[in-house]
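Take a look at the structure below.
Readers should treat all values here as calculations from the given coordinates under stated rules, not as data from a laboratory. Note that the coordinates shown come from a computational prediction; the quantities given were computed from them, not determined experimentally. Neighbour counts run over all protein chains shown; Cβ positions are idealised from the backbone, glycine included.
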Amino acid sequence: MIGPQQDPRQLSIERLSSQIDQFFAGGKSVEVVPTGVSGELIGGKSMATHHAKLRTERDKDAPTLRYLAEQGYSVREAAEAMGTCDKRIRLMACENGIAIGHRL
């Protein structure tokens, strides 16, 4: 017969507490990482490099978006004309100070 089992959450909490105690007992300390800084890597490149590359690509399309906005295109119409999604159009407009979708 199987006896009563311990709550899985309680087991996880005890295991984590034990690991934390071992970490500090080994003379290690907590490192505070500033907001916005990350050590994550994507294919050997840092996240910052990856996002900078995407931003550069969006900046290349900004003049086209600015022209479409001046012609009175909505976000959806501009997205269809540029072959991209609404979310990317809104992001490009925000990054480059382009008012789009506001008909006069």
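Computed from Cα positions, the angle between helix 8-25 and the longest principal axis of the chain comes to roughly 80 degrees. Helix 47-70 and the long axis of the chain differ in direction by around 30°, with both axes built from C-alpha atoms.
Counting Lys and Arg as +1 and Asp and Glu as -1 over every other residue whose Cβ lies under 14 Å from the Cβ of ASP59, the net charge comes to +3.
Relative contact order of the chain, please, whole-number percent, based on alpha carbon pairs below 8 angstrom and at least 6 residues apart.
Numbers: 50 pairs, mean separation 20.0, N = 104.
Normalised by residue count, the contact order of the chain is 19 percent.
Label sites at GLU57 and GLN19, each approximated as a point 7 angstrom past Cα along Cα to Cβ, lie 3.5 nm apart. When a/c reaches 1.5 or more, the comparison of a/b and b/c decides; with that in mind, is the stretch 49-104 rounded, prolate or oblate per its Cα gyration tensor? It comes out prolate by the Cα gyration axes. Roughly what angle does helix 86-96 make with the longest principal axis of the chain, taking Cα atoms, 0 to 90 degrees, to the nearest 10? Computed tilt is about 80 degrees. For the chain, a/c is not less than 1.5, where a ≥ b ≥ c are the root eigenvalues of the C-alpha gyration tensor, and a/b tops b/c. That puts it in the prolate class.
Electrostatic bookkeeping for GLU95 treats Lys and Arg as +1 and Asp and Glu as -1; over the other residues with beta carbon under 10 Å from its beta carbon, the sum is +2. Think of it as helices only: each DSSP H run of n ≥ 4 in the chain is worth -39500 (n - 2.57), and spread over all residues that comes to -19500 deg cm²/dmol at 222 nm.
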